[in-house]
1. So how many residues does the stretch 13-28 have that are farther than 13 Å from residue 43 by Cα, without any contact (Cβ under 8 Å) to a residue 60 or more places away in the chain and in a helix (DSSP H, G or I)?
2. Among what's in the stretch 29-38 and is of a type in the set (D, E, K, R), within 12 Å of the ligand (Cβ to nearest atom) and assigned to a helix (DSSP H, G or I), pick the residue that is surrounded by the most Cβ atoms within 10 Å (Cβ to Cβ).
3. Quickly run through the stretch 25-46 and pick out the residues that are of a type in the set (A, V, I, L, M, F, W, C) and in contact with a helix residue (DSSP H, G or I) (Cβ under 7 Å, 6 or more places away or on another chain).
4. What number of residues in the stretch 50-75 are exposed (fewer than 14 other Cβ atoms within 10 Å of the Cβ), more than 14 Å from the chain's Cα centre (by Cα) and not small (Gly, Ala, Ser)?
5. Please go through the stretch 78-93 and pick out each residue that is modelled with pLDDT under 75 and surrounded by 10 or more Cβ atoms within 10 Å (Cβ to Cβ).
6. Given 47, 12, 67, which one is within 12 Å of the ligand (Cβ to nearest atom) and not hydroxyl-bearing (Ser, Thr, Tyr)?
7. Among all residue pairs at least 6 apart or on different chains, which show Cβ distances below 8 Å where the first residue, located in the stretch 37-52, is over 18 Å from residue 24 (Cβ atoms) and the second is charged (D, E, K, R) and away from the ligand (no atom under 13 Å from the Cβ)?
8. Please name all residue pairs, on different chains or six or more residues apart, with Cβ atoms under 7 Å, provided the first residue is in the stretch 72-98 and is outside any strand (DSSP E or B) and the second residue is at pLDDT below 65.
Amino acid sequence: MQALVKTGLDYICPGCFKLFSDPNACYSHCRKEGDEGDDIHKGLGLITKKDFPKFLRCYRVAIGFQIEERALPLGEGPGRRSYHECFSVEFVLNNCVAKREIIDAMRLAVIKI
Ligand SMILES: [Zn+2]
């Protein structure tokens with residue numbers, strides 16, 4: 001876990017556990033997968049306020065449990081929210097995911113980079 005954080009890849013796609021160096025790369029990834037027909041990724045790539053319910057639904061599926069909205073580290077802004085922190089490796093691993101197989105999947109994702 002510590003080793004992962006030190007790679008400089010601080011953001012993670014909760015849909016497939018790919019790692020990214022910045023949140024925009026993570027969004028592009030989600031939108032690209034979404035365009036190719038993956039509904040969970042599509043939802044994760046939504047950043048407008050009006051799409052928040054869909055984002056939350058997909059985020060819950062991706063991380064594997066019904067996280068409370070208030071437990072998410074959401075930023076505020078006019079017309080949109082910043083979800084950057086919801087994709088930080090630290091948040092996803094420390095607060096959301098405690099499953100062994102997911103940690104293993106992450107290691108595989110790191111090896112592929
Ligand atoms: Zn992904």
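1. Of the residues in the stretch 13-28, 2 are farther than 13 Å from residue 43 by Cα, without any contact (Cβ under 8 Å) to a residue 60 or more places away in the chain and in a helix (DSSP H, G or I).
2. Taking the candidates together, the pick is 33.
3. Hits for the stretch 25-46 are 26, 30, 40, 44, 46.
4. Looking only at that region, the number is 6.
5. Matches in the stretch 78-93: 80, 81.
6. 12
7. Once the first residue is over 18 Å from residue 24 (Cβ atoms) and sits in the stretch 37-52, its partners that are charged (D, E, K, R) and away from the ligand (no atom under 13 Å from the Cβ) give 49/80; 49/81; 52/81.
8. Short answer, once both residue conditions are applied: 74/81; 89/4; 89/5; 90/5; 93/1.
The values are calculated or read from the model by the stated rules, or taken from the named source; none is laboratory data. For clarity, every value in this text was computed on a predicted model and none was experimentally measured. Every residue, glycine as well, gets a Cβ built from its backbone with ideal geometry; the counts of neighbours run over all protein chains shown.
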